[in-house]
Amino acid sequence: MSKDRISIKDVSALAGVSAATVSNVFSGRKPVNRDLQERVRKAASQLGYLPDRAASQLRSGRTNVVAVLVPDLTDTFFATIVTRFEALAQADGYDVIVASSRDTPAIEASRLEALLAFRPAGMIAVPCSNEVPEALAAEAQRMPVVLVDRVALPCTVADTVTIDNRDAGAVAARHLVEHGHRDIVLAASRMSMSPIEERVQSAADHILRETGRHATILELGTNVDEGTAIFARWLERHDVPDAVLASTNVTTLSVLSTFAAFRIAIPDRVSMIAFDDDAWMRARNTGLTAIRQPVEEIAEAAWDRLRLRMREGVSTPPVSIVMNAGLVVRSSVGQRIPETAALALRASPRPAPASAAADEPLH
């Protein structure tokens, strides 16, 4: 004989709480302290209780689901944000659905339509361009939305969480200049994206101001293989620069792939600073000096804003949260010898080999 479906009343009886508390734990409509949440979830697990999402949606007009839209799930920066966001949402009783726009506006529009069909309680989105999609901007008037990373500030559509890209670019450029580098390539993904333009232009401004030299800005795109081909073609026609600053983890991989193909050693022949501090960047014989974005803190701030909006609504003006990135110094930036010192060094007598010194008699 089939077993009757487990209900909220069964869970509330086993957990020793009210049915309303069980409902709030699984719906997120009202906050429930962590101890009660654990009791309710433990009881639900023991009984095999599964919330009826469809019935809940019919009653409330929305699901207990939050949506996430990012440009590329193979990009470790976005993947880390999604992973952390999923953990935070789950801890608060929400399910998460994720979609990738593949950095294409047409696909972005299609993915948005699919995500919004779930009638999510809220959404976190990283647009694939500076423009907030019309469908998302319209939905943000009714549904809590938080925009992350690729946002042109100020934004009047929704809450935003970004980093200070101008400061990040200047910090990286300063490190290269302080190490004597003058011929510097700035490897951008797409300068049409506001965060990239800000960090690259800020770096270029600092280099010009401190050295009197114009940095070379190369757009490598958002695909590793395509970026590698573009940078390789450039290297075939130009001398190897003093240093390269890569503006994203994807452009970092493109630059490294090109250097490997040309057998260009870091930092012996060229120095390099990466953007984003992925684990593999320190798991190299030559660890990469990198600009580290506070990725987990970005995800936490975005979730805090979304959770607050889901509880209090979207009637108050949007809030902008700007965080700072930091420089992680490793061994990929060498000290460049000034040209005058290099000429003097080449002109000076060479020291005697160690073996010759060893053969001299002791006095």
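Each residue in the range 110-132 was checked for being in contact (Cβ under 8 Å) with a residue 40 or more places away in the chain and part of a helix (DSSP H, G or I), and 4 of them qualify.
Every residue in the range 164-183 that is buried (at least 24 other Cβ atoms within 10 Å of the Cβ) and outside any loop (DSSP other than H, G, I, E, B), please. Asn165, Ala168, Gly169, Ala172, Ala173, Leu176, listed by residue number. Looking at the structure I just gave you, is Ser189 of a type in the set (S, T, N, Q), assigned by TED's automatic domain parsing to the domain that holds Arg282 and either under 18 Å from Gly169 (Cα atoms) or touching a residue at least 40 places away in the same chain (Cβ under 8 Å) (or both)? For Ser189, the condition - of a type in the set (S, T, N, Q), assigned by TED's automatic domain parsing to the domain that holds Arg282 and either under 18 Å from Gly169 (Cα atoms) or touching a residue at least 40 places away in the same chain (Cβ under 8 Å) (or both) - is met.
Residues that are at pLDDT below 80, loosely packed, with under 15 Cβ neighbours inside 10 Å and not in a helix (DSSP H, G or I) do not occur anywhere in the range 307-320.
Is it the case, given these coordinates, that Glu178 is under 30 Å from Val333 (Cβ atoms), among the acidic types (Asp, Glu) and free of Cβ contacts under 8 Å to residues at least 60 places away in the same chain?
Taking the combined requirement at face value, the residue satisfies it.
Of all the numbered requirements in (1) in contact (Cβ under 8 Å) with a residue 60 or more places away in the chain; (2) surrounded by fewer than 19 Cβ atoms within 10 Å (Cβ to Cβ); (3) within 15 Å of Ala125 (Cα to Cα), Asp304 misses one, and that requirement is (1). Listed by position, the helices (runs of 4 or more DSSP H) inside the range 186-272 whose residues that are among the basic types (Lys, Arg), over 26 Å from Asp167 (Cβ atoms) and touching a Lys or Arg at 6+ places or on another chain (Cβ under 7 Å) number at least 2 form an empty set.
The values are calculated or read from the model by the stated rules, or taken from the named source; none is laboratory data. This structure is a prediction, so every number in the text was calculated from the model and none was measured. Here Cβ is always computed from backbone atoms with ideal geometry, including for glycine, and neighbour counts include all displayed protein chains.
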